[in-house]
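Data block below; observations after.
Please treat every number below as a calculation from the coordinates, not as lab data. What you are looking at is a predicted structure, and each value in this text was computed from that prediction instead of being measured. Cβ sites come from the backbone with ideal geometry, for glycine too, and all protein chains shown count toward neighbours.
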Amino acid sequence: MSDDRLFLVTGATGKTGGATVDVLLERGYRVRAVAHREDERSQRLTAAGAEVVYTDLLDLDGVSAAMRGVSGAYLCYPIRPGLADATMIFAQAATEAGVRSVVNMSQISARREAGSKAARQHWLCERLLDRTDLLVTHVRPTFFAEWLTTWWELRDGEGYLRLPFGDGRHAPIASVDQAYVIASVLTDPAPHDRAAYTLHGPVESDHHDIARTMSATLGIPVHYEPISVEEFAAAMTRRGLPTHLVQHLGNVAVDYQHGVFAGTNDVVEKVGDRIPQSVEQFVAANRSAFDASGPYFVPA
């Protein structure tokens, strides 16, 4: 490939960021990956061929330095306080550096009336980026397929998903499938300027259906046990999750019950040129992740 553009990827040691680095490198592009510290994950990025820089997204000087020579950038901020400041810093640093485009990781629940503080901030940050001269695209995924490993409990040879989602539905999407959309937009941003893409997997299901699919794939009984939002939030608090995250999780659970996370579409196929993984395919490809309980399961 003769294309020598440089792309900046934040959240590069995380799920969508790391996968986006891999896709861009596989396509022959230069990648500058942002990490907070050197560890096994950042070392993997270096070994893969990325230039790794260490900074915090709330550090204007550090982000400005990371933007130098960059054509397009991926903004991915975790669910923690500081999103608005990080977005302002990112937009300013990108503008000063002459960056052409930004892909912004938002949320499917991002809207003015959101009960989640994080989701409302994402909506505000979308509006902020839309007011810049950058080519901007927002991606709004439904719940990641990886969530199934986070709240998974393996007990006495059987699996349990104890979650506050009632009979709501969604089409889980794997982070790698999102990465194909992100990489495609970064490398050809103009057709997607000011677009807000919801990202879904191929099959919409409730968690009873998901549990049945997981059971058939793993070869063990898997149960979905609906719990209240209050029980879920209390369990997350006992596990020491930050208040900001617990407030977000409780409110998006209510959104989920009301259909905010539902639906499916063909964005991954049309924009990312990839068929997204089903739950069955994701579980089969990540079977070892279900050999033990996930980090945040809610015990009975």
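Could you check segment 45-89 and list, in sequence order, the residues that are at negative phi and touching a residue at least 60 places away in the same chain (Cβ under 8 Å)? Within segment 45-89, Val70, Ser71, Gly72, Ala73, Tyr74, Leu75, Cys76, Tyr77, Pro78, Ile79, Arg80, Pro81 meet the criteria. Of everything in segment 53-78, what is over 18 Å from Gly98 (Cα atoms) and either out of contact with any helix residue (DSSP H, G or I) (no Cβ under 8 Å at 6 or more places or on another chain) or surrounded by fewer than 21 Cβ atoms within 10 Å (Cβ to Cβ) (or both)? Give them in sequence order. Within segment 53-78, Val53, Tyr54, Thr55, Asp56, Leu58, Asp59, Pro78 meet the criteria.
Residue count for segment 223-264 satisfying the condition of being within 18 Å of Val203 (Cα to Cα) and exposed (fewer than 14 other Cβ atoms within 10 Å of the Cβ): 1. For the criterion of being without any contact (Cβ under 8 Å) to a residue 40 or more places away in the chain and of a type in the set (S, T, N, Q), Ser42 passes. Here is a check on your reading of the model: is Ala94 in a helix (DSSP H, G or I), within 14 Å of the chain's Cα centre (by Cα) and of a type in the set (Gly, Ala, Ser)? When the stated conditions are applied, Ala94 does not pass them.
Selection of segment 198-243 for residues being within 13 Å of Leu161 (Cα to Cα), in contact with a Gly (Cβ under 8 Å, 6 or more places away or on another chain) and assigned to a loop (DSSP other than H, G, I, E, B) yields only Pro221. Within segment 8-39, the set of residues being touching a residue at least 60 places away in the same chain (Cβ under 8 Å) and either more than 20 Å from Ile182 (Cβ to Cβ) or in a strand (DSSP E or B) (or both) comprises Leu8, Val9.
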